[in-house]
Amino acid sequence: MNGFKLYVSNTSTIPPFGYDLCYQDPAGVPAITQTISCNQLGQYVIYYDDVPASRESGSIIELCYVVINDNLAYDGVISQIPSGSQPANLANDGNQTTCSKTVGKNVRLQVDMKEILIVTELHLTSKVHTTVNGLVHKIYASNQSDNVENETILYQGEILPRHISVYSVLRYLTYIVSIQSAKVELEICEIGIVGCPSTKYDPLCNRACPENCHGPCDLETGRCLFGCSNGWIGETCEQACTSGFYGSKCLQNCSINCIQSSCVHTTGECIDGCNSGWTGFNCTQVRSDLLTKLDGAAIGGSIGAVIAVILIIVAGFVIYKRNLKSRKERYLDKSKSNRKITSNRKNKTNDGDKYVNAAVTSDLQDVTVYLKDTEHAELPTESDDMVYNNVPTKRSVYRIPIGNLKEVIDIKLKDEGFKKEYEILPKGLVHSHVEGSKEENKVKNRFLTTWPYDHSRIVLKGNTKTDYINASYIDSYDKEKAYIAAQGPKGSTKRDFWHMIWQENVGKIVMVTQLKEGKRDKCIQYWPDAVDDPMVVDNYCLTMTKEKEHTSYVYRLITISNTTNTKQKERKVQQFHFTQWPDHGVPDSIKLVHFYRKVKSQHFDQNESIVVHCSAGVGRTGTFIAIDALYEQGKKVGYVDIMEYVQIMRKDRMNMIQTHEQYETVFEALLELFTIPDSSIPKNDFCKYIADQECKTLPKNQKVYKREFQTLENLRPLYDASNFTAANLKENILKNLVKNILPHDNFRPYLMSYGRKRNDYINAVIIPGYREESKFFVTQCPMKDTVVDFYTMIYDHNSRIIVLLDQVNKNANLWLGKSAMLVVNDFSIMQEEENNVDELKIALEYKVYAVLSITVLFGYTFMDENLTPFGKATQSSKFEGPGIPPQNAINPPISNEFGFDKCTHTSLCSTPSWWMFNISYGIVFITDIKIYYRQEFGRRMDGFQLYISNTSTIHPTNSYACYKDQPGKPYPDINQTISCNRLGQYVIYYDDVPGPGDHGSVIELCYVSIN
């Protein structure tokens, strides 16, 4: 990019005009991050390079991230005192040829930015006229509109520079020009206000973003939003790659041909040179003097091949002999292996704590794989070959920095990466399991081939008939026996389960299964039926003192007493019962994370064990345990290694995490946990929390609402067209009010009582409420042809409350007046009563069946609201005569008589022409648009078109054509009301038909009202 130029232009002409030049790069290589001040008006930003790069055949542009900051004043409200002959809003209309004008001894212009914002630069284009000396310019910053002379002075002087560097947090910016003995005439043609640049952060915007950020950083925390430069990781990119890794996200391995396998963490260049026989900056090229020796080596290769065949035959015979060992010898071998693991639980390596794999012994140079026999068994839901696939590595290639989780997930989703990675893991029974396979214990196993390993099983002690229960200790990263993974209790093991709870001092039970799913029993109910209704299990008495149902889980507090224990007769145990795990599949990660946070938020003694169980105690159980262990570890070290931890679990219990979908769920849950903080607020603290937020003097874009919303936007899943098959069916396309707002197939409600010529589709989705029985159906405002679908959904799903957040479409009544009946196919709707202006009741009857009484609540007022005060107008070109800005069309008229200077007017010679209004609220529902022209000049708008759009694209082919005027007489009336009933943010008046007697298509609008 050496020698590039940056232009800000009003046209898309390439090459750009010289007078549009904003910046020209001097000799030398540009910095990888640049902030360039332009302070020019324009529509197009053009990065232009006509200087061929060295060693390249042409000039190449490679841009990784571009931020274009606009003028904060555009969103503000401008006023001036005195009011003057030219309105104040001309000072921020984006046109330097139109100026506000006022005259007086103490004239002032004030910008109200509506929110407290950080301001770092001011740019003023002004004209000041006076007949005497002594003129003083003052600029004030304040958070109130009056008495600004007592506030902070940003600038004071006899001359006003065009560019002023400042640093202030303010809402009101006030410019005062004063003189003692005469009047002054002040014209402001454009005022520019610049906020916090993307290269700074901190609540006061006074700290530079970390130097290794790849692009801008978070305004509050300094977290690098778009990752790190090569060789750096971490939220603020301050951590270099660990030894042996380099490059983007530290995911590339240093060449094994580097001495000590170490390289420069940014480039991969070998630090200490190459091992013998290799060369190149990263030691990947064979030395040229060795290549000549390879031809001779080919002769010896034939002899080597013969020797290799002989060795393979011998090795096969040895392996065959090993396979003839008796079952007893196999168990003895495995027991020795298990003892070896226990005694080496935390062998120190260069990478810190590593668990030694049962079937692998490795040092830094050699890997030896011992072939062990395996038992074939049938899993509860999947049939796996009992193959122990080992992944011995010097350092894990599956280690993921927390900041890279989302990108890693996106990559794995594209090429079945989760499935491929999951299939590498060890499966089946790989350790001794003598106790679980004994005849007297088989009846205690819920599944015939899911047994605990002997070395990690829970051994029941004390007053028991047998010491066996199908449950295993599972380690976390920093604590042995941190969890107990158990199968769901059976009738014959309920007493053993509670004995284990008492013996192991369990404080929390996490249950991730239903008692019955489909037609299959998953677990018996091992707790009392109701609060304060005791349940006796042998020598244990259980009393449930609290039970509370939530949307995705049930919380129970159980008191357990032991009649045979004289030291401690009573304990409290918390049970968290997750109820949203589907019979086949995996739960929504948001629900699972919400449940996990509730489990963690309840205090319990850290010395107590936590029991996690599903039905078999392997799949869902392993998923939950992995989420907890990896989240706690990730907070400490800054990365997660999910592959490694699954192997840690599987050394103590078979098949922990049972499907690749569950494996993927761990990734998604961790991304949610690390990215979105727990935002729950206690009910009693909510009002205080909101008040505290409102009292903080932070810029709008740094408030907690903005930050949390931006986080949600960044994590919003991207779905392809295959997820919207119902919405895109030919018979359903016209049922969608907006083409790109469609319901996901997995979350849409199905209609059941639809009649002939209808189907089960409606543009709506189901949003879960806080409790299990509460749901929200979020849908578009019904159109004329979808009113029947709307009431079908209400009836089928027994919804008794309708909340209208916008006015109904004028041609799609949902009810008629009082005592009048609306009939829509098989539905009859009658308004019963109207309690107040915000609420009424209607009766919905389907055929001759039951009548539903429904309350309708209004989230809007019935008054038509003109949206034009809340936005900004632009147009294609200006009239060659006096400046007539596009804002003229939205200034309220004094009467219906309009003069030339009161209307907006495009050039006489341009085709096509357009006028566009951007609604600052964003996308809203637009009902109608009123348009006024000058008397006798409706002919000029002959053949115009009116569009409602979500984008500012001119002549938008994908937007809604609200109205198209037919060319020729009769010409448009001088006042028109056009009904649109469409969602949109931009109203575009477009004309490509030259008017009679004109050289081009002229747009002359005197007043536009958008409702």
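The numbers here are math on the coordinates, done by the rules we state, and not lab data. Small disclaimer: the values here were computed from a predicted structure and weren't measured. Cβ: placed from backbone, ideal geometry, glycine included. Neighbour counts: every protein chain shown.
Note on region 435-675: percent of Cα-Cα distances in each 5 Å bin, starting at 0 and stopping at the bin with the largest distance, equals 1, 6, 14, 19, 21, 17, 12, 6, 2, 0.
Note on region 125-202: dipole from Cβ charges, positive end direction compared against SER198, SER145, VAL132; the farthest Cα belongs to SER198. Shape class of region 1-130 from the alpha-carbon gyration tensor: prolate, with a/c at 1.5 or above and a/b greater than b/c.
Of the trypsin sites (Lys or Arg not before Pro) found in region 501-558, the ones in coil according to DSSP and having at most 12 other Cβ atoms within 10 Å of their Cβ are LYS519.
Each Cα pair under 8 Å and six or more residues apart adds its separation to the average, and for region 72-195 the resulting relative contact order is 39 percent. Projecting the Cα atoms of LEU734, SER753, LEU840 onto the charge dipole of region 721-858, computed from C-beta unit charges around the Cα centre, puts LEU734 farthest toward the positive end. Each residue of region 552-559 was assigned a 3J(HN,Hα) from its phi angle through the Karplus expression (A = 6.51, B = -1.76, C = 1.60, θ = phi - 60°), giving 10, 7, 10, 9, 10, 10, 10, 9 Hz with x at Gly and Pro. Taking each of LYS735/LYS841; LYS412/LYS598; LYS461/LYS572; LYS508/LYS546; LYS249/LYS600; LYS412/LYS479 in turn, the alpha-carbon distance tops 24 angstrom for LYS735/LYS841; LYS412/LYS598; LYS249/LYS600; LYS412/LYS479.
Rounded to the nearest whole Hz, the Karplus-based 3J(HN,Hα) values (6.51 cos²θ - 1.76 cosθ + 1.60, θ = phi - 60°) of region 74-81 follow the sequence 4, 8, x, 10, 10, 9, 9, 10, with x at glycine and proline. Taking amide H as placed 1.01 Å from N in the peptide plane, THR579 has its amide H under 5 Å from the amide H of TYR553, VAL554, each at least 5 places away in sequence or on another chain.
Between amide H atoms placed 1.01 Å from N, distances below 5 Å from CYS263 occur with GLY244, ILE271, all of them 5 or more places distant or on a separate chain. Under 5 Å from the amide H of GLU517 lie the amide H atoms of LYS522, each residue being 5 or more positions distant or on a separate chain, with H modelled from the backbone and absent for Pro and chain starts. The charge dipole of region 721-858, taken about its Cα centre with unit charges on the Cβ atoms of Lys, Arg (+1), Asp and Glu (-1) only, comes to about 460 debye. Counting beta carbons within 10 Å around each of PHE497, PHE709 and listing the fewest first gives the order PHE709, PHE497.
When every alpha-carbon pair in region 113-270 is counted, what percent end up more than 22 Å apart? Summing the P(r) of region 113-270 above 22 Å gives 60 percent of all pairs. Scoring 419-430, 739-750 by mean Cβ neighbours within 10 Å over their residues and listing the highest first yields 419-430, 739-750. Could you tell me which of rounded, prolate or oblate describes region 721-858, using a ≥ b ≥ c as the square roots of the eigenvalues of the alpha-carbon gyration tensor, with rounded for a/c under 1.5 and, failing that, prolate when a/b is larger than b/c and oblate otherwise? Taking the square roots of the gyration eigenvalues as a ≥ b ≥ c, region 721-858 is prolate. Using bins of 5 Å that start at zero, the share of Cα-Cα pairs per bin across region 72-195 amounts to 2, 12, 23, 26, 23, 11, 3, 0, in whole %. The charge dipole of region 517-602, taken about the Cα centre with unit charges on the Cβ atoms of Lys, Arg (+1) and Asp, Glu (-1), comes to about 460 debye, rounded to the nearest 20.
Pairs spanning more than 18 Å between alpha-carbon atoms, out of LYS200/LYS696; LYS427/LYS651; LYS465/LYS516; LYS784/LYS810: LYS200/LYS696; LYS465/LYS516.
With an a/c value under 1.5 for the gyration tensor axes a ≥ b ≥ c computed over the alpha-carbon atoms, region 583-656 is described as rounded.
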